[in-house]
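Report on the following structure.
Since every read-out is calculated from the coordinates, none of them should be taken as a lab result. Just so it is clear, the structure is predicted and the values come from calculations on it, not from any experiment. Here Cβ is always computed from backbone atoms with ideal geometry, including for glycine, and neighbour counts include all displayed protein chains.
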There are 2 protein chains.
Amino acid sequence: MEQVTVIKIGGNIIDNDAALAQFLKAFAATPGKKVLIHGGGKLATRLADKLEVPQQMIDGRRITDAETLRIVTMVYAGFINKNIVAQLQAAGVNAIGLSGADGNLVLAHKRTGAAHDYGFVGDIDAVNTSLLHQLLENDNTVVVAPITHDAKGQLLNTNADTMAQAIAQSIAAHYQVNLVYSFEKSGVLRNADDDTTVIPKIDPATYTQLKEEGAIFAGMIPKLDNAFAALTKGVNRVIIGNAQHLPQLIEGTSGTSIVHE
Amino acid sequence: MEQVTVIKIGGNIIDNDAALAQFLKAFAATPGKKVLIHGGGKLATRLADKLEVPQQMIDGRRITDAETLRIVTMVYAGFINKNIVAQLQAAGVNAIGLSGADGNLVLAHKRTGAAHDYGFVGDIDAVNTSLLHQLLENDNTVVVAPITHDAKGQLLNTNADTMAQAIAQSIAAHYQVNLVYSFEKSGVLRNADDDTTVIPKIDPATYTQLKEEGAIFAGMIPKLDNAFAALTKGVNRVIIGNAQHLPQLIEGTSGTSIVHE
């Protein structure tokens, strides 16, 4: 099967023009078919501040009220997505930027039944595999903003890590998919403040043990849960690591590899 | 040849949620392959006001400085484009929203040599006909935001009327293309303030005469010049009229038809 590399780029890289440009250069140089999913970074928060739209947080998670949804739609699907696409086009990559609403790429429903009302937040129901397949076969590199829709006209704010996982899984029947979560840290760290404590490889047994020891930074746990879920759904390999070391992550010489066993 | 309807929807409709919803319902009901190009409306101006980004105008045209480019990218390619796509998806249309940067759909260059520096404004060089063809053949309805790129990483603000014309022309070799400029007026009017003075048909001879008589509202002249240019480049028919009468415009029973002779 042909390979596809699905890469999630985290918010801290997006907030840093120089780091983003370096990442996009390495991304452009990555051979083969590719999908890029970007997070939102702090631009949306800064815009909300300027517009005096108060941002409510519960347990570190943003509540997406109607005004905040307008802002994240503008920032994620507009500003960030189109600037990434333009930079990739300049680097010779035939990038095409989509939200989950476009071509019904990622269908979701408004989150219900949670302890808190997170507002216009979408949990994913389905990925339009045939659209992805069509675009990839036409040598388009798909750049995805973390905005979905519910097919009833409602846009929804959706976690970019989860979108990357859902997209990677959805094409695993057609391609050998490697899923890379890239961000500002060097991988899964034993000590969140020490970038030299990367755990090079985590299998399910190691993961259970690390959680029991409390040896994994809490913020990493959803990422790792997503990674193991992706493996069980047919994704070939999941790598977590520093966006500035993209070639090494793809080679497997940097970051943390999440493996079946 | 199969028909494609290329429709430009003007700013005043976009500013009015009810009018836009009614238009999108009629658009969804229009049979066959379709492309929708939307303008920006006053949302960008309102956002610029809120963000205290001063808007400079020369002869009624906005100067797109770097801050304004950020705003129009967010509003046109983000907010408006994705909301239209979500509404069309809800109406059962497989809409996919793109800017000119996406898939190199519309390549442009920064305007030079004008009497004034309009800033980050793009004049169109080329349309990616094969991408449009690919999407239309896969039954995608393409929704285009008036933002282009220069293939060097720069996004550019581009006139939506001109984009509609360039897109219509670009596919005229593959399809029988009808180009509809829809807005808040009933067509080309003899008296700009009287919606009952629609000129039903304009050919080149009539056009020359109307201009000589000063019988056409000055703001219509670029639209008509674009319309005649499109006809000479293979577009089948150009119709100018009220967005609320879309079925009648397409049938030819409302609005102004621009014809060769």
Loop sites in segment B:1-103: GluC sites (Glu not before Pro), DSSP, at most 14 other Cβ within 10 Å:
B:E2, B:E52
Using the Karplus curve 6.51 cos²θ - 1.76 cosθ + 1.60 with θ = phi - 60°, work out ³J(HN,Hα) for each residue of segment A:146-160 in order, rounded to whole Hz, and write x for Gly and Pro.
x, 10, 10, 9, 10, 6, 10, x, 9, 6, 9, 7, 9, 4, 5
Ranked from fewest to most other Cβ atoms within 10 Å of their own Cβ, B:D65, B:D17 fall in the order B:D17, B:D65
Quick note on B:S170, B:S186, ordering by fewest other C-beta atoms within 10 Å, gives B:S186, B:S170
Average beta carbon contacts from partner chains per residue of A:89-100, 10 Å cutoff:
5
Please list, in chain and number order, the residues 5+ apart from B:N94 or on another chain whose amide H is under 5 Å from its amide H, with Hs placed from the backbone.
B:T141
Taking A:H174 in one copy and the same position in all the others, each labelled 7 Å out along Cα→Cβ, what are the pairwise distances from the first, in nm, shortest first?
1.8
Straight-line reach from A:K152: which lysines fall under 23 Å, measuring Cα to Cα and dropping same-chain residues less than 8 apart?
A:K110, B:K25, B:K33, B:K34, B:K82
Shortest-first nm distances, B:K152 label point to equivalent points in other copies (7 Å, Cα→Cβ)
4.9
Alpha carbon centre of segment B:1-78 versus segment A:1-33: separation in Å?
31 Å
For segment A:247-261, 3J(HN,Hα) per residue [Karplus equation, 6.51 cos²θ - 1.76 cosθ + 1.60, θ = phi - 60°, Hz, x = Gly/Pro]:
x, 5, 4, 5, 5, x, 9, 8, x, 10, 8, 9, 10, 5, 7
Amide H contacts of A:N128 (H built 1.01 Å from N, under 5 Å, at least 5 apart or other chain):
A:V106, A:L107
Please list, ordered by chain and number, the residues whose modelled amide H lies under 5 Å from the amide H of A:K42; skip anything fewer than 5 residues away on the same chain.
A:D15
Roughly how crowded by other chains is peptide A:103-109, in terms of the mean Cβ count from those chains within 10 Å of each of its Cβ atoms?
3
Residue-averaged [θ]222 nm for chain B, counting only DSSP H segments that reach four residues, each worth -39500 (n - 2.57)
-9500 deg cm²/dmol
State the residue of chain B whose Cβ is nearest the axis carrying B onto A, and the distance in whole angstrom.
B:G78, 1
Using a simple charge model, +1 on the beta-carbon of Lys and Arg, -1 on the beta-carbon of Asp and Glu, nothing else, what dipole does segment B:3-183 show about its Cα centre, in debye to the nearest 20?
240 debye
If R0 = 60 Å, then A:D203 and B:T253, at their Cβ-Cβ distance, give a FRET efficiency to the nearest 0.05 of 0.30
Report, in whole Å, the centroid distance computed from the Cα atoms of segment B:81-119 and segment B:140-192.
9 Å
Determine ³J(HN,Hα), in whole Hz, for all residues of segment A:234-240 in sequence, where each value follows from phi through the Karplus function 6.51 cos²θ - 1.76 cosθ + 1.60 and θ = phi - 60°; x replaces Gly and Pro.
x, 5, 6, 7, 10, 10, 10
